[in-house]
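What follows is a set of notes on a single structure, which appears directly below.
The values are calculated or read from the model by the stated rules, or taken from the named source; none is laboratory data. Remember, predicted model here, so these are calculated numbers, not experimental data. Methodologically, a virtual Cβ is constructed for each residue, glycine included, from the backbone with ideal geometry; neighbour enumeration extends over all protein chains shown.
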Amino acid sequence: MGPLQEIGLLVLQTLGSLYLLIVMLRVLLQVARADFYNPLSQFIVKATNPVVIPVRRAVPGVMGVDLASILIAIALLFGLIELGALLLQGQIVNPLFALFWSLIGCVGLVANIYFYGLIIMIIASWIAPQSNNPALMLVHQLIEPAIGPFRKLMPDMGGIDISPLFALLSLQVVFILIAYAANYFQMAAFARRLVLGI
């Protein structure tokens, strides 16, 4: 791979992944019923509205899940994979493979969001347990649907919440399954880097 291809892939991965992250955060914040008036929520909504609103006219949400945003995330990742292949190999990938890789990438992105959100929440609980920072409040709201079921299963440990540990363990299982799925669907090295960041 030449330097121009490397630079092109870097720009594609950075800009595409950033917008993909914002779109997926919109989905997860709606699922979590996070505070719409939080400044970060407002940024996410305003950054994605130009793309989501036209698609939502044709694809309505179902049971609080924004299907339009999910389809946009899959389509965006599909486009990134095909552009990456065109940039590096001079030809596109089989569209069926690209679709499967896109689905794997979206699941991986959700798992990464929850993983890093849990890490941020754990660190914040040690150094700023009573913080009213809008970003930390949004992280707590975002993570609650993932950690809530573990809290219900855990017995009272005298004020120590070990449910994040079990949530992180479950996410590690998800990461292993994603890696096996990537191998099963023969995900190319450039797509792994682009989609999963590995």
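Please pick out the residue among P60, P54, P50 that is of a type outside the set (S, T, Y), surrounded by fewer than 18 Cβ atoms within 10 Å (Cβ to Cβ) and outside any helix (DSSP H, G or I).
Testing whether each residue is of a type outside the set (S, T, Y), surrounded by fewer than 18 Cβ atoms within 10 Å (Cβ to Cβ) and outside any helix (DSSP H, G or I) leaves just P60.
Taking the range 63-78 as the region of interest, how many residues are modelled with pLDDT under 90, surrounded by fewer than 17 Cβ atoms within 10 Å (Cβ to Cβ) and part of a helix (DSSP H, G or I)?
1
Looking at this structure, is I122 in a loop (DSSP other than H, G, I, E, B) and not basic (K, R)?
Spelling it out, it is not the case that I122 is in a loop (DSSP other than H, G, I, E, B) and not basic (K, R).
Consider only pairs whose beta carbons are under 9 Å apart and that are at least six residues apart or on different chains; among these, list those whose first residue lies in the range 71-98 and is over 13 Å from A191 (Cα atoms) and whose second residue is crowded, with 16+ Cβ neighbours inside 10 Å and of a type in the set (S, T, N, Q).
From the range 71-98, the pairs are I72/T48; A73/S102; I74/S102; A75/S102; L76/S102.
Would you please list the contacts, defined by Cβ atoms under 7 Å and residues six or more apart or on different chains, that run from a residue in the range 1-25 that is part of a loop (DSSP other than H, G, I, E, B) to a residue that is surrounded by 14 or more Cβ atoms within 10 Å (Cβ to Cβ)?
M1/L88
Out of all the residues in the range 140-152, is one or more touching a residue at least 60 places away in the same chain (Cβ under 8 Å) and either touching a strand residue (DSSP E or B) at 6+ places or on another chain (Cβ under 8 Å) or among the acidic types (D, E) (or both)?
yes
State yes or no: is G84 within 27 Å of I176 (Cβ to Cβ), within 18 Å of the chain's Cα centre (by Cα) and buried (at least 18 other Cβ atoms within 10 Å of the Cβ)?
No, not satisfied.
So L10 clears everything in (1) touching a helix residue (DSSP H, G or I) at 6+ places or on another chain (Cβ under 9 Å); (2) farther than 21 Å from I113 by Cβ except one condition, right? Which one?
(1)
Can you tell me which residue within the range 87-109, out of those that are of a type in the set (V, I, T) and surrounded by fewer than 20 Cβ atoms within 10 Å (Cβ to Cβ), is nearest to the chain's Cα centre (by Cα)?
If we take residues in the range 87-109 being of a type in the set (V, I, T) and surrounded by fewer than 20 Cβ atoms within 10 Å (Cβ to Cβ), then V107 is nearest to the chain's Cα centre (by Cα).
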